[in-house]
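These notes concern the structure reproduced below.
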Amino acid sequence: MKKKRILFFLLGIIVVYALWLGIEIVRFRTFGEPGSDKDSLEIQGSYHIHTILSDGRKTPEKIAELASRSSLDFIILVDHGAPNFESLATAGWKHGTLVLSGSELSVSRGHLVALGFRTPASPFSQIAENAAFQIKSLGGISIIAHPYSKVSWSWGEPIGYDGLEIINANSILKSSLFRIVPLLPSILVKPEYTLLKMLERPEKNLKKWDDLNRSHPTFGFFSVDAHLFYKPLVPLLQLHVLLKKPLSGEFELASRQVISALRQGRFYNAIDSAALANGFRFWAQNGQKKIQMGERAFLDPNASLHIQTAFPFDSEIRLIHNGKMIMVTAEKNIVYRPETAGFYRVEAYLKERTPLSRDIPWILSNPIFFQEKNL
Ligand SMILES: [Zn+2]
Ligand SMILES: [Zn+2]
């Protein structure tokens, strides 16, 4: 009799748990359809992907096919190597997706991603500073990968790396696996839900990013760092690149369009698996002149900052100046008159039902830099 009661009790717990998890998963829905309502000057893609040419599990071909099904315009492979020549050779158009290929270098200070460089005659230096210089002299850009996780970055004198990873999905998945154990069965039904639940606010990265921007423009990157589990992981975090002309069909040209936008900071990051972020805009205006993310503008009584979020759901916009939050609003079209020099950037947070924790920036813009006119 006692055994039976215990059995019923356990069964009850399982039923309540299954119901709770079921409701949680059903409540989760992404806003918007991938690929719909596209502006030809905004393209989106996924950055930091490993293939079988280093420690990943799928071929570039297969990953491009998955990316294409998620309506991604581009993917950026960064197999390990100094550089990884075999992986570089796989770049091109595959399944209608632009496949760019860089490399993730293991250098003296940690892992450094190199993109858009001309093929070097000999391997890159293992000294971080020298490698960054070589990448730059070959026309490429360097991004500090996962600075506070996996192989942490050891900071020396700032020498002007082009970018810093703000979120690295792979490190977060490893560190928060234990925390989400009760939700694990959801991985079989809705893996995107599980991944979103695992994300954590990248507090240290955001702080460091702001510190770096005080001395040198450094752009923020959301990185999937995918080695396996590509289908839900690759579209989880996306870079939204703003082009000056629609993406060329010619590979070399298209590749230059994306790399130069990344080099100039003309992109924003978003957790698109939580809600599609296309259409977000952040720019400055000085008379007729439009200043894009990553660019410099002069402080002037006519200068204004503009934030546009035409989303059919509630979001919270935070304007950050030199690392300090100076405005929070739920408005969708914001005009702000900057009175102080420095760098301004935007974070957007989802306010409607979402598995994403409320303190994780759903959208992260790159900064616009204002300087005094008489300097
Ligand atoms: Zn790495
Ligand atoms: Zn990696």
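Some notes on this structure:
- Residue that is basic (Lys, Arg), more than 26 Å from Lys208 (Cβ to Cβ), in contact with a strand residue (DSSP E or B) (Cβ under 6 Å, 6 or more places away or on another chain) and open to solvent by 10 Å² or more (accessible area, probe 1.4 Å), where the choices are Lys351, Lys289: Lys351
- One residue stands out among those in segment 114-134 that are aliphatic (A, V, I, L, M) and farther than 16 Å from Ser255 by Cβ: the one that is farthest from ligand 1 (Cβ to nearest atom), which is Ala121.
- Number of the exception - Phe343 against (1) of a type in the set (A, V, I, L, M, F, W, C); (2) surrounded by 15 or more Cβ atoms within 10 Å (Cβ to Cβ); (3) assigned to a strand (DSSP E or B); (4) out of contact with any helix residue (DSSP H, G or I) (no Cβ under 6 Å at 6 or more places or on another chain): (4)
- Restricting attention to segment 186-230, the residues that are closer than 18 Å to Ser142 by Cα and either at pLDDT below 95 or within 16 Å of ligand 1 (Cβ to nearest atom) (or both) add up to 8.
- Annotation: of all residues in segment 150-181 being among the hydroxyl-bearing types (Ser, Thr, Tyr) and open to solvent by 40 Å² or more (accessible area, probe 1.4 Å), the one that is farthest from His216 (Cα to Cα) is Ser175.
- Any chance Gly220 is more than 14 Å from ligand 2 (Cβ to nearest atom), within 24 Å of Glu42 (Cβ to Cβ), open to solvent by less than 70 Å² (accessible area, probe 1.4 Å) and assigned to a strand (DSSP E or B): yes
- Residue match in segment 223-235 (condition: buried (at least 22 other Cβ atoms within 10 Å of the Cβ) and among the charged types (D, E, K, R)): yes
- Close pairs (7 angstrom Cβ cut-off, 6 or more residues apart or separate chains): within 13 Å of ligand 1 (Cβ to nearest atom) in segment 151-180, open to solvent by less than 40 Å² (accessible area, probe 1.4 Å) and of a type in the set (Phe, Trp, Tyr) anywhere: Glu165/Phe221
- Cβ-Cβ under 9 Å pairs, at least 6 apart or on other chains, segment 351-364 side at pLDDT below 85, far side in a loop (DSSP other than H, G, I, E, B) and of a type in the set (Asp, Glu): Glu352/Asp314
- Within segment 80-196, strands (runs of 3 or more DSSP E) holding 1 or more residues that are within 16 Å of ligand 2 (Cβ to nearest atom) and of a type outside the set (Lys, Arg): 97-107, 110-115, 141-144, 163-168
The values are calculated or read from the model by the stated rules, or taken from the named source; none is laboratory data. Please read all numbers here as calculations on a predicted model, not as lab measurements. Cβ: placed from backbone, ideal geometry, glycine included. Neighbour counts: every protein chain shown. We work out accessible area using only protein heavy atoms, side chains counted, and drop any ligands, DNA or RNA first. Shrake-Rupley method; radii C 1.70, N 1.55, O 1.52, S 1.80 Å.
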